[in-house]
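J.: Encoded as C-alpha cells, here's the structure I'll be asking about.
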Amino acid sequence: MQERAPQPMQRTRRGPTRRTALAVGAAGAASLPLVALWRRGLRSRAVHGEELPELVEPARAGRSAHLIPNVPVIDHRGRERLFYDDLVRDRIVAIHFFTSRGETLYPILDNLVRVQRLLAHRFGKSLFFRSVTLDPEHDTPERLAELARDKGVGPGWDFLTGKRENLAFLKGYLFLQRPTLTSRPSATPEVSCCSGGLVRYGNESLSRWGSFPAKVTPEFIATRFQWIGFREEDCPRVG
C-alpha cells in the first residue's frame, strides 16, 4: 500500500466502532505519569458516551482507533499529520521513541536502518516506520530531515515531532497498560517507562500488536513481522 498524501485536518470525524484487545510482546509494557494530561481532558468531547481528551482528534473508524491517540504531529518534511488517521490506520507499522541527542548514548536508528534494508521490497508499500522524538524543542523538522538524510531512510519512514504534551501523551498510551483512549489512569501511574528500549509494531487492520527490543538483531526483527501478516517468504531466515 502506497503512502497516502496528508489530508486537511478536520474537527468532526466518526469515533471508533470496535473494541479489540491489545496484545503486547514478551518485552512487556511500561507507563508514564499522565494524571496532569488526563485532567486537561476532562472538558473534552464525548465519543460514544465517553470523554475524549482535548489534545486527541476524533479519528475515522478503524480497528485500533480506540487504542492509538490521533494526536497532531509534524513530520520531517514539515507536514502536519494526525498520528492515527494519517500514519497508522490500515498499515503495518513499527513505532518507537527517541531523541537525536540520545542517539549518541543509546543508538537504535542504525539497527532499524538495517531492518529497512532487509525488508526493502515491502518498505513504503505495506510496511512503515514511525520515529517519534521526545525532544521537540531540539528536534525540529529541519533537524529531523537532516537526520533522515544522514541515515539514508527511504519512503515509508517518518521522523515525527510536535507539541511536547502531544508526544508525551502518545508515548504514554503506547507504553501503558490501559485498554482504551477513554480509560482512566491507574491508581499508580508512576511506573518507569521503557519506551527507549522497545519498538511497538503491529498490523492496524487486524488490531494485532506486539513489541520487540530495539537492539536485537535486524534479522530477528524482520521475522517478527511474519506474526502480524507478512508471508514467510517475505522475511529472512534466522540461523
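The values are calculated or read from the model by the stated rules, or taken from the named source; none is laboratory data. Fair warning: this is a prediction, and the values are worked out from it, not measured in the lab. Positions of Cβ are generated from backbone atoms using ideal geometry, with glycine treated the same way; all protein chains shown enter the neighbour counts.
J.: Which number in (1) modelled with pLDDT under 95; (2) not in a loop (DSSP other than H, G, I, E, B) marks the one condition that Phe129 misses?
T.: In the conditions (1) modelled with pLDDT under 95; (2) not in a loop (DSSP other than H, G, I, E, B), Phe129 misses (1) alone.
J.: In the range 54-107, which residues are in a loop (DSSP other than H, G, I, E, B), under 14 Å from the mean Cα position of the chain (by Cα) and among the small types (Gly, Ala, Ser)?
T.: Across the range 54-107, the qualifying residues are Ser64, Ala65.
J.: Output the residues belonging to the range 132-174 that are surrounded by fewer than 20 Cβ atoms within 10 Å (Cβ to Cβ) and in a loop (DSSP other than H, G, I, E, B).
T.: Leu134, Asp135, Glu137, His138, Thr140, Gly152, Gly154, Pro155, Lys163
J.: Select from the range 76-92 the residues that are under 15 Å from Val153 (Cα atoms) and surrounded by fewer than 23 Cβ atoms within 10 Å (Cβ to Cβ) and list them in ascending order.
T.: Arg77
J.: Separate question: What are the residues in the range 70-88 that are among the aliphatic types (A, V, I, L, M) and farther than 12 Å from Glu204 by Cβ, if any?
T.: Correct list: Val71, Val73, Ile74, Leu82.
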